[in-house]
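Visitor: I am attaching a structure below and will ask some questions about it afterwards.
The values are calculated or read from the model by the stated rules, or taken from the named source; none is laboratory data. All values derive from a computational prediction rather than experimental measurement. When we count neighbours, we look across all protein chains shown, and the Cβ atoms used for this are built from the backbone with ideal geometry, even at glycine.
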Amino acid sequence: MQKTCGAVIKTNRLLSVLVFLSCLPIHLLIADELSHRHGAIEHDEQAHGWETAGGATYTLQNVKANHIDNTSFASIDLLISKKFHDGELSIYFEANTTPNDNGVASRIGDSNGDAGSALDKNDSGRIQLSDFHYTHFSKNYEYAIGLVDITGFFDQSEYAADETSKFLAGPLVHNPTIEFPDYTLAGVYDRHRRTSIKAVMASSHGLGDNEDRDYGSLIDVTESGKGIFAAMEGDISIYDLDAKLGTWVNTAEHESLDGSSTDEINYGFYTSIDAKLGQIGANVRLGWANPDVSETETFISVAAEVPAFIGSLGIGVAHMGLASDAKADGKDDSMLAEAYYNYELTENTLLTPSLQVIRNNGFDSSGDVFDKNLKIVNMRMSINF
């Protein structure tokens with residue numbers, strides 16, 4: 001008897017998580033090793049003992065729009081890790097400057113995937129502990145538990161998942177149809193066998209999702225309106241092709257787009273495919289989310305990177321499809337394109353100019369708040385230390 005995911009999702013919340021995640025036939029997928037990244041830092045899987053690594057990113061953004069300020073933004077990442085015989089402790093701090101309320105990153109959120117990840121309840125930049133988790137290693141499985149950045153484990157791509165050195169635009173870093181919580185309490189599991197998959201069970205509300213953005217609210221996972229975020233992702237690699245297929249659910253209380261209910265949940269499917277064609281590395285992402293509550297119902301992006309002169313050239317295009325219940329006069333699908341040139345000034349310093357074109361920012365096609373077509377010129381410097 002065929003399962004009907006949409007029908008069971010609205011029953012018991014915890015039961016619906018388990019049933020929904022079983023609806024996707026991914027039994028033949030091969031999971032990759034449990035790996036993660038922290039902001040500008042590429043995690044060194046071979047390091048031993050206590051290790052520290054850091055990165056700093058500075059970005060200038062200029063837009064041709066009289067009502068938006070041209071701005072700069074800076075962020076710093078610091079990872080402290082300790083390898084044990086069968087595990088590793090990861091402690092990750094980050095800090096960023098306070099975004100200008102009328103600046104490019106604040107008014108055009110999709111333009112800067114690095115901005116605003118460490119803010120207090122007053123939207124001021126701060127230093128924060130963003131990740132504190134322990135990873136246990138075994139021959140057949142691994143698991144991580146603690147305060148976790150789930151996006152560092154799921155929906156990853158070699159060519160489009162690093163806002164500090166590749167694409168700056170958020171939709172070319174992670175799939176916007178996936179309702180990832182911010183840094184949150186979670187357990188991530190990966191079984192290294194032919195029938196293995198990567199899975200996570202987490203609180204639906206992370207550090208930045210709570211109104212006060214404090215650790216007390218983070219720990220209070222039973223607060224009214226909160227729920228569970230759960231996801232499964234399978235991975236299969238064939239020659240130079242790496243394909244990820246995943247499903248997820250967020251059982252926090254959501255208001256339906258038509259206003260008929262305040263007790264809905266969100267769920268969806270996604271895929272991310274990396275391919276190597278000669279010197280060209282490419283990524284394709286697809287996503288779908290519950291159109292009853294998610295304004296972004298569908299997503300597709302294509303991105304490519306190729307060596308050029310003394311650096312690399314990247315080009316990406318993303319399309320966000322507006323849910324039918326959200327359609328109205330002055331609202332339409334949104335598109336974004338970005339091209340960057342990335343080259344090393346020194347061994348540890350990257351300079352990346354880029355150009356973005358965004359149509360119908362935030363699904364606004366009226367032209368009253370923003371121009372329908374926005375052009376943004378960026379200059380980013382990234383330093384690893």
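Visitor: Name the pairs whose Cβ atoms lie under 7 Å apart, with the first residue in segment 202-223 and more than 22 Å from N96 (Cα to Cα), the second basic (K, R), and 6 or more positions between them or separate chains?
Guide: So the pair list comes out as S203/K226; S204/K226.
Visitor: For segment 177-230, which positions are farther than 29 Å from I127 by Cβ and assigned to a loop (DSSP other than H, G, I, E, B)?
Guide: The answer is T177, H192, R193, R194, T195, S196, I197, S224, G227.
Visitor: Related question: Would you mind telling me which numbered condition in (1) within 25 Å of G206 (Cα to Cα); (2) in a loop (DSSP other than H, G, I, E, B); (3) free of Cβ contacts under 8 Å to residues at least 60 places away in the same chain S117 fails?
Guide: Going through (1) within 25 Å of G206 (Cα to Cα); (2) in a loop (DSSP other than H, G, I, E, B); (3) free of Cβ contacts under 8 Å to residues at least 60 places away in the same chain one by one, S117 breaks only (3).
Visitor: Just to check your reading of the model, which residue among I127, I76, I91, I68 is over 24 Å from F385 (Cβ atoms) and aliphatic (A, V, I, L, M)?
Guide: Only one candidate qualifies: I68.
Visitor: Oh, and also: Of everything in segment 189-227, what is among the hydrophobic types (A, V, I, L, M, F, W, C) and crowded, with 20+ Cβ neighbours inside 10 Å? Give them in sequence order. Let's see the steps before the verdict.
Guide: Let us first name the residues in segment 189-227 that are among the hydrophobic types (A, V, I, L, M, F, W, C), namely 197, 199-202, 207, 218-219, 221.
If the condition is that a residue be among the hydrophobic types (A, V, I, L, M, F, W, C) and crowded, with 20+ Cβ neighbours inside 10 Å, then I197, A199, V200, A202, L207, L218 are the ones that fit.
Visitor: Considering each of V302, V284, V293 in turn, give the residue that is under 30 Å from K331 (Cα atoms), of a type in the set (A, V, I, L, M, F, W, C) and surrounded by 20 or more Cβ atoms within 10 Å (Cβ to Cβ).
Guide: V293
Visitor: Also, I was wondering about something else. Please determine whether any residue of segment 168-185 is more than 16 Å from the chain's Cα centre (by Cα), of a type in the set (S, T, Y) and at pLDDT 95 or above.
Guide: If we filter segment 168-185 for residues that are more than 16 Å from the chain's Cα centre (by Cα), which is where we start, we get 185.
Restricting the remaining residues to those that are of a type in the set (S, T, Y) gives none.
Scanning segment 168-185, I find no residue that is more than 16 Å from the chain's Cα centre (by Cα), of a type in the set (S, T, Y) and at pLDDT 95 or above, so the answer is no.
Visitor: Going by what's in this entry, would T251 be described as surrounded by fewer than 22 Cβ atoms within 10 Å (Cβ to Cβ), assigned to a strand (DSSP E or B), touching a Gly at 6+ places or on another chain (Cβ under 7 Å) and among the β-branched types (V, I, T)?
Guide: Taking the combined requirement at face value, the residue does not satisfy it.
Visitor: Look at N342 and say whether it is buried (at least 16 other Cβ atoms within 10 Å of the Cβ), of a type in the set (S, T, N, Q), touching a Gly at 6+ places or on another chain (Cβ under 7 Å) and in contact (Cβ under 8 Å) with a residue 40 or more places away in the chain.
Guide: Taking the combined requirement at face value, the residue satisfies it.
Visitor: Please go through segment 64-112 and pick out each residue that is crowded, with 21+ Cβ neighbours inside 10 Å, of a type in the set (F, W, Y) and either within 30 Å of Y134 (Cβ to Cβ) or within 18 Å of the chain's Cα centre (by Cα) (or both).
Guide: Selection gives Y92 alone.
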